[in-house]
Amino acid sequence: MRIKVNRDNCTGCHLCRQVCAIRHYNEINPKKAALRIEAKFPDPGKYRPVVCSQCGKCAEVCPENAISQNDIGAYIVDKEKCINCGECVAACPLGVVFQHPDLDHVIICDFCMECTRVCNTDAIVKWDKGGAK
Amino acid sequence: MNNGLAGITLRVNLTTGEIRRLPTDEELFRRCYGGRGVIAEILYDEVPRDADPLGPENVFIMNAGIMSGCFIPAGAKIEFGSISPLTNGHGDSNMGGHLGPELKYAGYDMVIFTGMSAKPVFLYIDNDTVELRDASRYWGMGALDCEVQLKKDLSEDFQIATIGPAAENGILFSCISHDYGRQAGRTGQGTVMASKKLKAIAVRGNRSLRVHDLDALTKQVSDVIFRTQNHPNMEPWQKYGTAFFLRWSNDNGVMPTRNFQTTHYEHIDKIDGDQLIEKCLITHKACFGCWMNCGKYTKAVIPGKPEVHLEGPEYETGALCGANIGMMDINHVAYINWMLDNAGMDTMSGGGVIAFAMECFEKGFITEKDLEGHTLEWGSIDDVEHFVDMVTHRRGIGDWFAGGTKRAAQKIGKGSEKFAMQVKGQEMSGYDGRWAPGMMLSYMTADIGAHHNRSWTITVDMAEGREKIEGRAKIVVYLQHVRPLFDSLCVCRLFWGELDITPEDIIASLNHITGWNVSVADALRTSERTWNLTRCHYLERNKAAGRTFDYPPARSWEDKILSGPGKGKGVTKEQVEQMLDDYYAARGWDKKGNPTREILEDLGIGFAAENLKKIGLLGEPIPGGIPPVRGERYKPKAF
């Protein structure tokens, strides 16, 4: 299970990031979201949602073996094992492993798909690649 | 705090540089609901009545309200307020974008600026770090250019508000700019910011906001999201934004054309929403948390001029910098929009001022000699570019226009005040009210001058009769309580107008956030309280009977509409007088337009009655008493 990005459709509303944080932390705080939106203004004047591509680099570099892939392909952080060292943050080629001062573990997308449900322009879409579960 | 508030209010003394962190006054927010309401009360309490709007005694406030940032429909507004240099009364203006939520995520509900800095500064907020920093190197930069530079110097993830050179030069209708094209445009809030030498505000925050009942709020808002995603109005809104209405307004004979000479523009097909999307669109652009994305990020491409990027033109700019100045190419309208944005001028008053100057030129009241050898013809982009440069830098007669059309007409004379299309010093929005009497009354009675966001009645006038005024005043009063309520709550009103989000929905959200358990009637009363307070404040500052200030320019009744579906139509002076009588009666004010003790005490602001009494402007008691409820509930059709 992945998220397909239609980057030109993004309007920069950040609704995805709001629902992400509410879903996972029960808090209104988009800075705890597991995806980000790049804004390039005034030139060329475009947004680009950036989501986890499930490349697995984070799991590879984790010194604590705290990150493992689940049956839908998402890399799940074991919050007990994670020491918030930031190795995975540095290793992520897309910059979508996050840290927040309130939390003692990193934030990685678990592909709950809540963000794709609220996106009103199909900039991020649930993508069942190759019939994965 | 579990009520949507971030908890801290900053008081920034720009004279001394002292920054105080105070607990947000929850009682004040409970009383006024935040945003415009809280600003109105602080200005009423703190600004001396004889204070110069551009002097150190004026207070400049930035307020993100209760709902902004709290995961509610279009909850992204931030409200600015101070005594307006344009109207000399309570002034406020708001914008969307991302600044309001970011301020709250940084931990602050409101910033109150007092005094005046000796040198240019900007306010830097990064969670707990709050500093006034030197802005000498940014002073003089265009409002859009300054945002680019500040993001380079600080970080891309700061949310930034800036002003431009027009504000620095004291142009009274200057705006505050944010996110490359969101503006708090009206009432000269940018000018006040500049008078305090405050070039910019930069904010970044990562805190959580806590609400009374997050589960209930999340469920309600999720329902609203999924319900509105399929609303029939969603598609045109997403595609065109407010530019959709250019053709609609024109078809219905309310389009201000060539300085409100007529209400139908023959070249509308060259500047309408289709032209904008086809020729200029780069990307659709939304405010924080809004899934309607009415913002259009665009480019203007004109041979011989640099390609520029901007947000807009939205409806108001399209009307006032398009039809109202006779432009015949959407790229030209967009270019003017960009020019005014970067100079830091309100495109609405800016369009009104250019149109007024063009008519003065047409009539020979100003000449090529006055314009440094240039003409000022309807539809000429080069003429407009030169004129805007003269105004921005107050060169020659450019200086006459620095105070808007009312003050320019005083300089020019020759009866030009007849077609200076303003009320209380603020230029009209992009609707002609001659064949829409409710709209005319809305302009006349708005506390901040001729602005449509206090009450917009075009569809009301169409439904209830465009040549009839009976019953209109009560609807205007109601709308003047609903629309400004959104500005107190710091949420966008477009969902209410266009996607059938009801006031009940909004108040339900407010209750989930705050736990206040208030009703729509309570909220409207709160809004009415604010309306009466700003009226009293206006009278206390301007010291004459209210009615004196509530007249539109004489073109409104002397000139009939020249062409289009409204040809030959227009209100009469008698209708204007009758509408004022009806309006004051509906408000519980006397015939002179002065609030009575009875209404002020009913709304819990008896102290204002005492203040009016001292200057002889307290309304005479109404025979039979004030109406038990002011205003008549009305749901205007979307379009």
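The values are calculated or read from the model by the stated rules, or taken from the named source; none is laboratory data. In this text the structure is predicted, and so the values were computed from the model without any measurement. Every residue, glycine among them, receives a Cβ derived from its backbone with ideal geometry; neighbour counts consider all protein chains shown.
Within region B:476-535, take every residue that is among the basic types (K, R) and either outside the structural domain of B:E601 (by TED's automatic domain parsing) or modelled with pLDDT under 95 (or both) and give me the one that is nearest to B:R597 (Cα to Cα). It comes out as B:R483. Each residue in region A:9-26 was checked for being more than 7 Å from chain B (Cβ to nearest Cβ) and crowded, with 23+ Cβ neighbours inside 10 Å, and 4 pass.
Quick check on this structure: which one of B:D341, B:D329 is surrounded by fewer than 24 Cβ atoms within 10 Å (Cβ to Cβ), farther than 28 Å from B:K418 by Cβ and among the acidic types (D, E)?
B:D329
Among the residues of region B:171-195, the ones that are part of a strand (DSSP E or B) and either farther than 19 Å from B:L14 by Cα or modelled with pLDDT under 95 (or both) come to 6 in all. Only one of the numbered conditions (1) more than 14 Å from every other protein chain (Cβ to nearest Cβ); (2) more than 30 Å from B:V224 (Cβ to Cβ); (3) out of contact with any His (no Cβ under 7 Å at 6 or more places or on another chain) is violated by A:K40, and that is (1).
Residues A:K4, A:K32: which one is touching a strand residue (DSSP E or B) at 6+ places or on another chain (Cβ under 8 Å), closer than 30 Å to B:L103 by Cα and charged (D, E, K, R)?
A:K32 is the lone residue from the list that is touching a strand residue (DSSP E or B) at 6+ places or on another chain (Cβ under 8 Å), closer than 30 Å to B:L103 by Cα and charged (D, E, K, R).
When residues in region B:173-220 are screened for being more than 15 Å from the chain's Cα centre (by Cα) and either surrounded by fewer than 22 Cβ atoms within 10 Å (Cβ to Cβ) or within 9 Å of chain A (Cβ to nearest Cβ) (or both), 20 of them pass. Listed by position, the strands (runs of 3 or more DSSP E) enclosed by region B:87-166 include none that has at least 2 residues that are within 14 Å of chain A (Cβ to nearest Cβ), surrounded by fewer than 19 Cβ atoms within 10 Å (Cβ to Cβ) and acidic (D, E).
Only one of the numbered conditions (1) within 18 Å of the chain's Cα centre (by Cα); (2) surrounded by fewer than 24 Cβ atoms within 10 Å (Cβ to Cβ) is violated by B:I412, and that is (1).
Within region B:299-311, one or more residues are surrounded by fewer than 20 Cβ atoms within 10 Å (Cβ to Cβ) and either within 11 Å of another protein chain (Cβ to nearest Cβ) or within 22 Å of A:P49 (Cα to Cα) (or both).
When B:N337 is tested against (1) without any contact (Cβ under 8 Å) to a residue 24 or more places away in the chain; (2) touching a helix residue (DSSP H, G or I) at 6+ places or on another chain (Cβ under 7 Å); (3) of a type outside the set (S, T, Y); (4) within 30 Å of B:K239 (Cβ to Cβ), just one condition goes unmet, and that condition is (1). Residue count for region B:281-295 under the criterion of being of a type in the set (K, R) and either over 15 Å from B:G97 (Cα atoms) or more than 10 Å from chain A (Cβ to nearest Cβ) (or both): the result is 0. Which of the residues belonging to region B:607-639 are small (G, A, S), surrounded by 14 or more Cβ atoms within 10 Å (Cβ to Cβ) and under 22 Å from B:M579 (Cα atoms)? Residues satisfying the conditions are B:G619, B:G631.
From the list B:F71, B:F29, B:F60, the one residue that fits, being among the aromatic types (F, W, Y) and within 14 Å of B:M1 (Cβ to Cβ), is B:F29. Every condition in (1) buried (at least 24 other Cβ atoms within 10 Å of the Cβ); (2) within 21 Å of B:G546 (Cα to Cα) is met by B:K474 except one, and the failing one is (1).
For region B:252-307, which positions are touching a strand residue (DSSP E or B) at 6+ places or on another chain (Cβ under 8 Å) and over 25 Å from A:K40 (Cβ atoms)?
B:T263, B:H264, B:Y265 - these are the residues of region B:252-307 that are touching a strand residue (DSSP E or B) at 6+ places or on another chain (Cβ under 8 Å) and over 25 Å from A:K40 (Cβ atoms).
Within region B:222-241, the residues that satisfy the criterion of being surrounded by 15 or more Cβ atoms within 10 Å (Cβ to Cβ) and either basic (K, R) or facing chain A (nearest Cβ under 9 Å) (or both) are B:S222, B:I225, B:T228, B:Q229, B:M234, B:Q238, B:K239. Taken as a whole, the condition of being in contact with a helix residue (DSSP H, G or I) (Cβ under 6 Å, 6 or more places away or on another chain), modelled with pLDDT of 95 or more and within 9 Å of chain B (Cβ to nearest Cβ) applies to A:N29.
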